[in-house]
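Working notes, structure below.
The values are calculated or read from the model by the stated rules, or taken from the named source; none is laboratory data. Since this is a predicted model, take the numbers as computed values, not measurements. Cβ: placed from backbone, ideal geometry, glycine included. Neighbour counts: every protein chain shown. The protein model used for the area step is the full one, side chains on, heavy atoms only, and it has no ligands, DNA or RNA in it. Shrake-Rupley method; radii C 1.70, N 1.55, O 1.52, S 1.80 Å.
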Amino acid sequence: MLVLGFSYPFIAGLAYVWIDIVKPQDLAYFLINGWSLSLIASVVAVLSYVFARHKKSFKFTPEICLLIIFAAWMTYTSFHADPRLFSWNKWDWAFKVVIFTIFISVVFRSRVHFEALILTIIFSVATISFSSGVKTALGGGGYGVLAILGGDNSGLGESSTLAAVCVMQLPLLHYVYKHSIIFPRNRLFHLFIWMIVAITILTIVGTSARTGLVACVFLLLCYLLRSKRKLIWSLVIILAMGIFLTVDLGDTAWGSRMSTIDSYNQDSSALGRLKVWQWTLNFIAENPLGGGFDAFKLNGISKVTEEAVEYYEPGVINGKAFHNIYFEVLGEQGIIGFAIYISLLVMTLLKLQKTRVFGGDNVEFAWARDLALRLRDALLTLLVSGMFIGIAYQCYIFYLIAITISLRQLLPKVHTLANPSTDYATST
């Protein structure tokens, strides 16, 4: 991919995405072990674009401007962060995610590009979820027990994050299933997609992460509200709930973990998060510009129980993490950074909504309307999941934003070519 990337910038971009998600340098035993492959891929991608003969026109959209401002603001807060936090370590990868989001927005400009990027994300996640799904099928699931490929409690190695991302990619699989132009949409391809769906669901169950259940319920409701067969879907959901409530799942790893959802006031993990969120609000009241990356370490919270809150010894810089993307951004980037982040998300969702009605009933743009719908479902799933996990700067949210920006920049041009005499084309 890197070799082809010298001639085609978008292929080098795909290589970067694959490396960014799979992290092969951390899985290898020799040769590439420890290499900075993402840096190599990013350099190849940028140089390939710079020296490309036929560059796509670049347009500073409001979203791209916000991404540039957000990258600059993250750098500012890192400069002013407490040096004991070592904020630059997190800045290093978070900054690259934001900058590469801009690169994707500029380089990926065709339907083939969008699908190739979506497939790369799906296959990259499947690299991790395949082994986890098979282990679950063989009875090896359980929260904190399921052996995840490359599991180091970061990225997809963290159970809750893996569960949320697996649910996120279900709408993307739906889009590829219906509209793929890279693969022939025959029975073999459809079987292949269903196999990935099955492995994905097994992984969600195997992680025993409560975030995965919440994300699944939310995504199911999204599909239910749009379904023309609401009665049938409602009966299926009621039946599933009846089975869930009557069948004793307490002896299973998944059931015992899910049973703690309604007892959050007794769960130390949930109590700890509530305490950290309260601390974040108080911290921002005194430090409105934020504390920089990993500012949560300043809370000093070691353990939270119903009886008391335990803190680390004086002088120890550590604490409980935010476990929430909104409090994560608020605590680290302050009110200004939080406003930029939320504005970027809101503008993306609004742009997806506009794309959903683009072209009216024109069959030519059906793929774009459906892509916008699936992107919205995927993004909202991550935003709901983000209430319980700290993935504010991870690539998954930003890649969906990048595809949205590129999609909206492509459609006016397609519309202009298809209908050169329309008012829309004239205004463009």
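Before moving on, here are some points about what is shown:
- Of the accessible area of the range 5-66, computed with a 1.4 Å probe over protein heavy atoms only, carbon and sulfur atoms account for 68 percent.
- Simple label model, 7 Å out from Cα along Cβ direction - residue 192 to residue 220, nm: 3.0 nm
- Ligands, DNA and RNA left out, the accessible area of the range 276-365 computed with a 1.4 Å probe is 57% carbon and sulfur.
- Which of 106, 173, 85, positive extreme of dipole for the range 60-180 (C-beta unit charges): 173
- Among the listed pairs 135/297; 90/275; 178/354; 96/320; 135/228, those beyond 27 Å (Cα-Cα): 135/297; 135/228
- Inter-label distance for residue 346 and residue 313, nm, one decimal - labels placed 7 Å from Cα along Cα-to-Cβ: 4.7 nm
- Ranked from largest, the principal axis spans of the Cα set of the range 6-48 equal 30, 16, 12 Å.
- One decimal place: the segment residue 339-residue 269 gains 22.4 nm when fully extended, by the rule 0.36 nm per residue minus the C-alpha distance.
- Accessible surface area normalised per residue over the range 1-134 is 49 Å², counting heavy atoms of protein chains with a 1.4 Å rolling probe.
- Of the chymotrypsin sites (Phe, Trp or Tyr not before Pro) found in the range 62-123, not one falls in a DSSP loop while having at most 12 other beta-carbon atoms within 10 Å.
- In plain terms, the C-alpha convex hull of the range 56-134 casts an average shadow of 7.6 nm² when viewed from every direction.
- Cα-based shape type of the range 1-94, given that a ≥ b ≥ c are square roots of the gyration tensor eigenvalues and the cut on a/c is 1.5: oblate
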